[in-house]
1. Through the Karplus equation 6.51 cos²θ - 1.76 cosθ + 1.60, θ set to phi - 60°, convert the phi angles of segment A:411-419 into ³J(HN,Hα) values in whole Hz; use x for Gly and Pro.
2. Taking the rotation that carries B onto A, look along its axis and tell me which residue of B has the beta carbon nearest to it, distance in whole angstrom.
3. Considering the protein assembly as shown, what Rg and Dmax in Å follow from its alpha-carbon atoms?
4. Pop out the carbon and sulfur fraction of the accessible area of the protein assembly as shown as a percent, whole number, probe 1.4 Å.
5. Going by alpha carbons, how many degrees (0 to 90, nearest 10) lie between the helix axis of B:374-385 and the longest principal axis of chain B?
6. Can you give me the Cα centroid spacing of segment B:411-432 and segment A:51-75 in angstrom?
7. Mind checking which of A:Ala138, A:Leu125, A:Ala222 is farthest towards the positive end of chain A's charge dipole, using Cβ charges of +1 (Lys, Arg) and -1 (Asp, Glu) about the Cα centre?
8. Taking every DSSP beta bridge that has both residues in chain A, what percent is antiparallel when rounded to the nearest 5?
2 protein chains.
Amino acid sequence: MCSELLEMAGTLMIGCVVLCTVGVSLADYPYKEAYVDQYVDHFNFLSYGDKTFKHRYLYQDKYWVKGAPIFFYAGNEGSIEGFWEATGFVHEIAPQFQAYVVFPEHRYYGKSLPFGNSSFSQPYLGLLTVEQAMADYAVFLTDLKQKLNATDSKVIAFGGSYGGMLAAYMRFKYPNIVDGALAASAPIFMQDPSGPHKFFFSHVTKDFRDVSEKCYDLVKLAFRQMNDLAARGQSGLDEVASKFQLCDKLTDAASYSQLLGWARNAFVMMAMLDYPYPASFMAQMPAFPVKVACQKILEASDPLKGLAAAAGVLYNTSVPCYDFKSEYIPCADPTGCGIGPDAIAWDYQACTELALPDGSNNVTDMFPVIPWNLELKKEYCQKTYGITTRNNWAGIEFLGLKISSSSNIIFSNGNLDPWQGGGISSNISDSIIAVSVIGGAHHLDLRASNPLDPPGVIQAREQEKRIISSWIKS
Amino acid sequence: MCSELLEMAGTLMIGCVVLCTVGVSLADYPYKEAYVDQYVDHFNFLSYGDKTFKHRYLYQDKYWVKGAPIFFYAGNEGSIEGFWEATGFVHEIAPQFQAYVVFPEHRYYGKSLPFGNSSFSQPYLGLLTVEQAMADYAVFLTDLKQKLNATDSKVIAFGGSYGGMLAAYMRFKYPNIVDGALAASAPIFMQDPSGPHKFFFSHVTKDFRDVSEKCYDLVKLAFRQMNDLAARGQSGLDEVASKFQLCDKLTDAASYSQLLGWARNAFVMMAMLDYPYPASFMAQMPAFPVKVACQKILEASDPLKGLAAAAGVLYNTSVPCYDFKSEYIPCADPTGCGIGPDAIAWDYQACTELALPDGSNNVTDMFPVIPWNLELKKEYCQKTYGITTRNNWAGIEFLGLKISSSSNIIFSNGNLDPWQGGGISSNISDSIIAVSVIGGAHHLDLRASNPLDPPGVIQAREQEKRIISSWIKS
């Protein structure tokens, strides 16, 4: 909580020392909030007729001069304020481009709920699709340009993770509206059925192993010990629960599986959010959480207790026990869906249009065997939503591996980011450029600059700025 | 009927002389017919779940060798056999390209009805959209390539009129699937709200005026005389009905309006289908129907009788009177929707996603004042389907006027074709090429070669072949 408050105040905490980070104060990047009416269904004119919903967006127009570009962030799976705050790069460069900055929210997340609190029940959930969200953005940007009398302004799309996919997809599908896109940490090749799906947990593992071989050994050992104990029956389960300081007893295979998922999820989040300073994006994290976790593992008196302490880097440790059943909800995404209404929306998207990594296997990764693949996902999605996941729709609709006919897209990926393997690692053409962020976790390049930034992200941002500038001038 | 039979037998009738036209016999281009299962809704995974329909396609695989391209015709608003027969160009060039030829049908037309005979009622009509039809084609082609073990084969899209729009749109939106497109007579710029909408009836007028200034004068005079007579009340209406040899009396303003629309429609069809030989595409037409009509007008004893005789070039003259109420149904498309279920589907598409020309005004054209514009269309569509036509959706979704980021598209237009003004008349880039077909009516270049072809279409087809060849080799 302390680090969140500090981060929100635009400061940086290392241990107990508070360092002011000049130029990155979020107070410098205030937003205005507004809503537009948006059709609930862009692709069927009879289903809901003229029914609209209130579509939220955040914006900042104080840098903007007429003729200058529009910087548009393609909102992804969460409240839009979180992305505004985590995308300092856009705010930092907006003044020099005299850009209008606008962050529309993704439908079914945050406050942009097409059917209010009923949005997450059937049949309303059916209008949660990538295409509908993109249509929201296309209509929104067209109307905005007209309202600003800026029909000739260039529009540059930005996005991280799924938002990065959306930024690229907007350039793929609406090049009349989006002139260029910075797609940060966007695993778009994973969306093709023949694309990569096995990279994720091995990359998380590598992140920990790169910090300490011993840390990696101990994590692997701990998960093995857990399995051995669980195999012993109730007494073993009790010992696991005790060493983990769980609030609830482990009573059966299901609760033990839940614990495994909960524990693995902590490592996923630490690897993704392995920033060189404390951050509050997606979760509260100290600087270099992978290093912090390994430290705890190495210092622990016992591998299992080490694992529990490492999980505590993510989960709330201010309470006396881990509420492992509510802190992690298994879903269609083996890398986690989060908690609350946003998690339902993401789970549904994972069941319908988004391809995701396979599970962990204890061979190419240090985690327990938790299988996940298209067949298991189909079973889950049928049971949960009564729908049959379509095998190759995303690969067809969003260009799959054949993206070379598009143009003006930067695909950036950090070498620490476990999502890197699903993205694009080399240039596709003169104007579809891969940028490697050495020392970067999940879309670090989109974050505000920071004195603790590794040189790799400083170079990446400079390159991105130069390319964006060339698009605007062309 | 005689000319239809002759045309279908691959022969050509001029007057009473039957000429064999070597190489263009439709018997040379037989097709095989098949069906695939297609999801009724590609954009909502809950609305109809896994429900599929039988999607029809025609194909010819006898020229094909592995590795060679797939020639795909983007079926448009009618039964697919009609397009197979009217697109001889594709069949003629397929052997030299060793191409697989495939014509999938547009959903809601012909035999591809997602909900059988209920397809045209609400809410089922809601799944008739350009996007759904394109998704059908994208899924169909992906599956076909897999089935043929031809994932590396180039796919070239062909289409005429709305089919030409679809061919271009497939390249715009699915460049991963379509490598190049020949979009013949495709009025895509008309789809943008700020694009051209006033060209159509003035071009029809020009076609007749270019044949004979006197013909033009007489048509204009005839419509004026009709109006004068109608203004006199029942006796005037009776005189009009008698001169036209109508089956039904003209009883009121509505029936008189119907007659005006019916008469104008004949001129529309003659201008569109002004081919240099008899043809049975869309309607039975003699060679050079515009010339034939003008001849009748010039020979008539009276302008009104001349107009009636000219209308007879389109409408069935084997019966003793004109059934003007059933031969033409006014709809959301001022250039006509045809008759039967296909006409309902087209009317609905005109109400939802397709922009169309404005009405006639008697100033820039020779026709009576029959107003039509977005406001009137909205009123009609609200009344007919209970929907509000959205102003700029097609312009947003299908790139509007900003198409230069796409590539590998030929836009061909005939100078006789009244749709020419809604299309693209000059090159957009090195690979978005405008081809002018001198002497060509509506997508004449797509038709089989014919000894009576004007040199302009022979040259256009040669240019098209060269460009298509370069796409396949690249």
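The values are calculated or read from the model by the stated rules, or taken from the named source; none is laboratory data. Predicted, not measured: the structure shown is a model, and the values here were computed from it. Cβ atoms come from the backbone with ideal geometry, glycine included; neighbour counts cover every protein chain shown. Accessible surface is based on the protein model in full, side chains and every heavy atom, while ligands, DNA and RNA are left aside. Shrake-Rupley method; radii C 1.70, N 1.55, O 1.52, S 1.80 Å.
1. Rounded to whole hertz, the list is 10, 9, 9, x, 6, 8, 7, x, 7.
2. Output: B:Phe43, 2.
3. Looking at the protein assembly as shown, its Cα Rg and Dmax stand at 32.2, 112 Å.
4. Working: 18550 of 34060 Å².
Roughly 54 percent, rounded to a whole number.
5. Approximately 80 degrees, to the nearest ten.
6. First find each Cα centre; the distance between them is then 35 Å.
7. The residue sitting most towards the positive pole is A:Ala138.
8. Values: 18 of 41 bridges.
Approximately 45 percent, going by the DSSP bridge assignments.
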